[in-house]
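The values are calculated or read from the model by the stated rules, or taken from the named source; none is laboratory data. What you see is a predicted model, and the numbers here were worked out from it, not measured in a lab. A quick note on method: Cβ atoms are made from the backbone with ideal geometry, for glycine too, and the neighbour counts reach across all protein chains shown.
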Amino acid sequence: MPASDIVETSVVGDVTVVTTVAQDARVASWTGDIIPTKAMKAYRELLTTACSFCHKSQRSKLVCANCKVAAYCSKECQKKQWPSHKLVCQQSTAAAKLKLVTTLTANHDAEFTLMYAFVLAFDLQKNMVLDRPLVACCDLAVDAADLAIIFRLTSGEETPEDYPDGVEGMLQVKHFIPLDSNVAIDVGRRKIWEQARLKNHIKQCGPIGEYPAGLIDFHMEGTDQVVTIPLNIYDEAMMFSLVVANGAYVEVPDGKEIHMPFTPRAPIMVINMRIRDDKKNQLRLRTHMPKEALYKYVGSNINQQHLKMLPTTIYAMRNGKMINTPVRMEYSVV
């Protein structure tokens, strides 16, 4: 691999552990599940949102003409909220960024992976919750699609001024954590959840309330807006989580086995890697990243937690050849 792709190396005995920004050929792509433009538009039109004023769930997309983010069920609600909304309303690129959220959730593979993360976040494989809404917070950000640029900026080798026209960016997930439903659930979210339960009943052909439904609050870095999207948990996701919940044992270079528990971070990193590897932007999760946005990789602006979620690839090598790392799953009894 090119030296420019290597982030860091460490040596354990006769084994060299290499962290690189190169694509991991072992990870399958999602490009076989591309959403046609018409289907994407239809998906967005069917999304249920809450009115910014009365919190009534609605599908009409009456939005503020200035910020293009605040949504309302009627002109009356828009007028009633204007005295408070005008204090925070401003023109921004928030609408374009938030569109990436619906593009992500419209992808069936991404949706299934989010189900898996949701089940693990709330331990639903151990204790099913059907009688109340559960809410997870998913923080998103746009990172430079070329990870090598990020590490050159964080190391001081380059500055944002080296990219006056900006760079290509890609959507990345930074956090996925459960929220306290007693605090996070309001009237609008509860109505969205109730409609999601009904949808799950129709899609899985079972009684209402037999299958779990949750909510995800998506927050995009650089905006103050939160998009709440329902998530119906399918049987396949529940079964997969039951199988892998106990984690795996991985053989490290010195021959010992270490236990690697499966947490929500595992499926989230799968999402990040597959977006990274989509060089042709078939998933439509890439966007322009202006020069000003690159300053988050400089000095005290650097978020170390966000850097840890970058989809780098780690290889173990001996005598210049890659070592296959044995993995032993510890299956749960279903």
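Matching residues to (1) farther than 20 Å from PRO267 by Cβ; (2) surrounded by 14 or more Cβ atoms within 10 Å (Cβ to Cβ); (3) under 24 Å from the mean Cα position of the chain (by Cα):
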{"site": "TYR116", "(1), (2), (3)": "no, yes, yes"}
{"site": "ASP162", "(1), (2), (3)": "yes, no, no"}
{"site": "VAL167", "(1), (2), (3)": "yes, yes, yes"}
{"site": "HIS175", "(1), (2), (3)": "no, yes, yes"}
{"site": "ALA184", "(1), (2), (3)": "yes, yes, yes"}
{"site": "ARG190", "(1), (2), (3)": "yes, yes, yes"}
{"site": "TYR211", "(1), (2), (3)": "no, yes, yes"}
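Does the stretch 238-261 include one or more residues that are under 18 Å from ARG132 (Cβ atoms) and either modelled with pLDDT of 90 or more or buried (at least 18 other Cβ atoms within 10 Å of the Cβ) (or both)? Looking through the stretch 238-261, at least one residue is under 18 Å from ARG132 (Cβ atoms) and either modelled with pLDDT of 90 or more or buried (at least 18 other Cβ atoms within 10 Å of the Cβ) (or both).
Can you find a residue that is among the hydrophobic types (A, V, I, L, M, F, W, C), touching a residue at least 60 places away in the same chain (Cβ under 8 Å), surrounded by 15 or more Cβ atoms within 10 Å (Cβ to Cβ) and over 25 Å from LEU310 (Cβ atoms) anywhere in the stretch 91-106? Scanning the stretch 91-106, I find no residue that is among the hydrophobic types (A, V, I, L, M, F, W, C), touching a residue at least 60 places away in the same chain (Cβ under 8 Å), surrounded by 15 or more Cβ atoms within 10 Å (Cβ to Cβ) and over 25 Å from LEU310 (Cβ atoms), so the answer is no. Could you list, in sequence order, the residues of the stretch 152-162 that are charged (D, E, K, R) and in a loop (DSSP other than H, G, I, E, B)? Listed by number, the residues that qualify are GLU157, GLU158.
Output the residues belonging to the stretch 213-243 that are β-branched (Val, Ile, Thr), outside any loop (DSSP other than H, G, I, E, B) and either over 30 Å from ALA293 (Cβ atoms) or out of contact with any Asp or Glu (no Cβ under 9 Å at 6 or more places or on another chain) (or both). Across the stretch 213-243, the qualifying residues are ILE216, VAL243. Counting only residues that are among the charged types (D, E, K, R) and in a helix (DSSP H, G or I), the stretch 101-151 holds 2 of them.
Table: residues versus (1) at pLDDT below 85; (2) buried (at least 21 other Cβ atoms within 10 Å of the Cβ); (3) of a type outside the set (A, V, I, L, M, F, W, C); (4) closer than 27 Å to ILE275 by Cβ.
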{"position": "MET128", "(1), (2), (3), (4)": "no, no, no, no"}
{"position": "ALA145", "(1), (2), (3), (4)": "no, yes, no, yes"}
{"position": "THR154", "(1), (2), (3), (4)": "no, no, yes, yes"}
{"position": "LYS199", "(1), (2), (3), (4)": "yes, no, yes, yes"}
{"position": "PRO207", "(1), (2), (3), (4)": "yes, no, yes, no"}
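If you go through the stretch 137-171 and pick out every residue that is closer than 29 Å to MET115 by Cβ and hydroxyl-bearing (Ser, Thr, Tyr), you end up with 0.
Please go through the stretch 163-196 and pick out each residue that is acidic (Asp, Glu) and outside any helix (DSSP H, G or I). Within the stretch 163-196, ASP165, GLU168, ASP180, ASP186 meet the criteria. Scanning for something free of Cβ contacts under 8 Å to residues at least 40 places away in the same chain, at negative phi and out of contact with any helix residue (DSSP H, G or I) (no Cβ under 9 Å at 6 or more places or on another chain), does the stretch 161-170 turn up at least one residue? Scanning the stretch 161-170 turns up no residue that is free of Cβ contacts under 8 Å to residues at least 40 places away in the same chain, at negative phi and out of contact with any helix residue (DSSP H, G or I) (no Cβ under 9 Å at 6 or more places or on another chain). Within the stretch 280-307, the set of residues being outside any helix (DSSP H, G or I), over 18 Å from the mean Cα position of the chain (by Cα) and not hydrophobic (A, V, I, L, M, F, W, C) comprises LYS280, HIS288, PRO290. Within the stretch 270-283, being surrounded by 18 or more Cβ atoms within 10 Å (Cβ to Cβ) and over 14 Å from ASP109 (Cβ atoms) holds for one residue alone: ARG276.
Let's see how each residue does on (1) of a type in the set (Gly, Ala, Ser); (2) in contact with a strand residue (DSSP E or B) (Cβ under 9 Å, 6 or more places away or on another chain); (3) more than 30 Å from VAL243 (Cβ to Cβ):
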residue: LEU104; (1), (2), (3): no, yes, no
residue: HIS108; (1), (2), (3): no, no, no
residue: PHE118; (1), (2), (3): no, yes, no
residue: LEU134; (1), (2), (3): no, yes, no
residue: ALA145; (1), (2), (3): yes, yes, yes
residue: ALA148; (1), (2), (3): yes, yes, yes
residue: PHE151; (1), (2), (3): no, yes, yes
residue: GLU157; (1), (2), (3): no, no, yes
